[in-house]
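The values are calculated or read from the model by the stated rules, or taken from the named source; none is laboratory data. Here the structure is a predicted model, which means the values were calculated and not measured. Cβ atoms come from the backbone with ideal geometry, glycine included; neighbour counts cover every protein chain shown. Remember, those area values only see protein heavy atoms, side chains included, never the ligands or the DNA or RNA. Shrake-Rupley method; radii C 1.70, N 1.55, O 1.52, S 1.80 Å.
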Amino acid sequence: KQEVTQIPAALSVPEGENLVLNCSFTDSAIYNLQWFRQDPGKGLTSLLLIQSSQREQTSGRLNASLDKSSGRSTLYIAASQPGDSATYLCAATNAGGTSYGKLTFGQGTILTVHP
Amino acid sequence: SQTIHQWPATLVQPVGSPLSLECTVEGTSNPNLYWYRQAAGRGLQLLFYSVGIGQISSEVPQNLSASRPQDRQFILSSKKLLLSDSGFYLCAWSAGTNPGSPLHFGNGTRLTVT
């Protein structure tokens, strides 16, 4: 059974700092790894999707990497801004077993960027 | 472009009352549809998913049911709500042809059972 873990659970940084959010998964049989952002009381917004054959994806100040063999993904946020404050979730799309095609989510990292 | 609508945004219901949450998707056909629940302090839990009209798969035994009467409509229901049904319910869709397609979420419904 796939398990996804995110570290740290919460992170508080000053504006302008570069930061890394970590995501690990136990089963390397995945189609892709997705990173989402969730603002309080809102749904999830997709940020980046890395296919299992890819190593990284970039969108603006965000860069996500994937090391499938070690079961790890990182989300790098450059020059953080207060507007980046949100909960960030990663999710692995399972490629095998009874969870085929379904996502397993981590618990999320609550990010606070203070001015 | 594709959009997903979910309503109501918030709902307060007494224990034992019925529930109906609705989700519709526009701009795509034959999507995969999902209902997730996000409880405080816990991750997202997949409740139901559907690959087509009338095709519903349940992930966990519970007090809830789902139906898909039309291609782009997904409904979450309960005949009698329990306190433990409180939570944040999210509808989502993905393209039906590729199991690795991105997942797109609605804005969620905050359900409080009193």
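Structural remarks
- If you filter segment B:103-114 down to residues that are assigned to a strand (DSSP E or B) and of a type outside the set (Ser, Thr, Tyr), you find that the one that is nearest to the other protein chains (Cβ to nearest Cβ) is B:PHE105.
- Comparison of B:ARG37, B:ARG68 shows that the only residue that is within 14 Å of chain A (Cβ to nearest Cβ), part of a strand (DSSP E or B), among the charged types (D, E, K, R) and in contact (Cβ under 8 Å) with a residue 12 or more places away in the chain is B:ARG37.
- Checking each residue in segment A:39-84 for being in a loop (DSSP other than H, G, I, E, B) and within 30 Å of B:PRO8 (Cα to Cα) picks out A:ASP39, A:PRO40, A:GLY41, A:LYS42, A:GLY43.
- A Cβ distance below 6 Å, combined with a sequence gap of six or more or placement on separate chains, defines the contacts here; from segment A:50-70, residues that are of a type in the set (Gly, Ala, Ser) reach residues that are open to solvent by 60 Å² or more (accessible area, probe 1.4 Å) and not in a loop (DSSP other than H, G, I, E, B) in the pairs A:SER52/A:TYR31; A:SER65/A:GLU56.
- Per this entry, B:ILE4 is counted among residues that are among the β-branched types (Val, Ile, Thr) and touching a Gly at 6+ places or on another chain (Cβ under 6 Å).
- Residue check for A:GLN51: in contact with a Gly (Cβ under 8 Å, 6 or more places away or on another chain), surrounded by 13 or more Cβ atoms within 10 Å (Cβ to Cβ) and closer than 22 Å to B:SER94 by Cβ: yes
- Selection over segment B:9-54 of residues that are open to solvent by less than 20 Å² (accessible area, probe 1.4 Å), more than 17 Å from B:HIS104 (Cβ to Cβ) and of a type in the set (Val, Ile, Thr) gives a count of 0.
- Every residue from segment B:72-102 that is over 14 Å from B:LEU21 (Cβ atoms), crowded, with 16+ Cβ neighbours inside 10 Å and away from chain A (no Cβ under 12 Å): B:ARG72
- Counted residues, segment A:14-38 - those being part of a loop (DSSP other than H, G, I, E, B) and not polar (S, T, N, Q): 5
- Any chance B:SER57 is open to solvent by 20 Å² or more (accessible area, probe 1.4 Å), within 14 Å of chain A (Cβ to nearest Cβ) and part of a strand (DSSP E or B): yes
- The set of residues from segment A:20-48 being open to solvent by less than 40 Å² (accessible area, probe 1.4 Å), within 14 Å of another protein chain (Cβ to nearest Cβ) and within 14 Å of the chain's Cα centre (by Cα) comprises A:CYS23, A:PHE25, A:ASN32, A:LEU33, A:GLN34, A:TRP35, A:PHE36, A:GLN38, A:LEU44, A:LEU48.
- Qualifying positions in segment A:97-115 - modelled with pLDDT under 85 and within 11 Å of another protein chain (Cβ to nearest Cβ): A:THR98, A:SER99, A:TYR100, A:GLY101, A:LYS102
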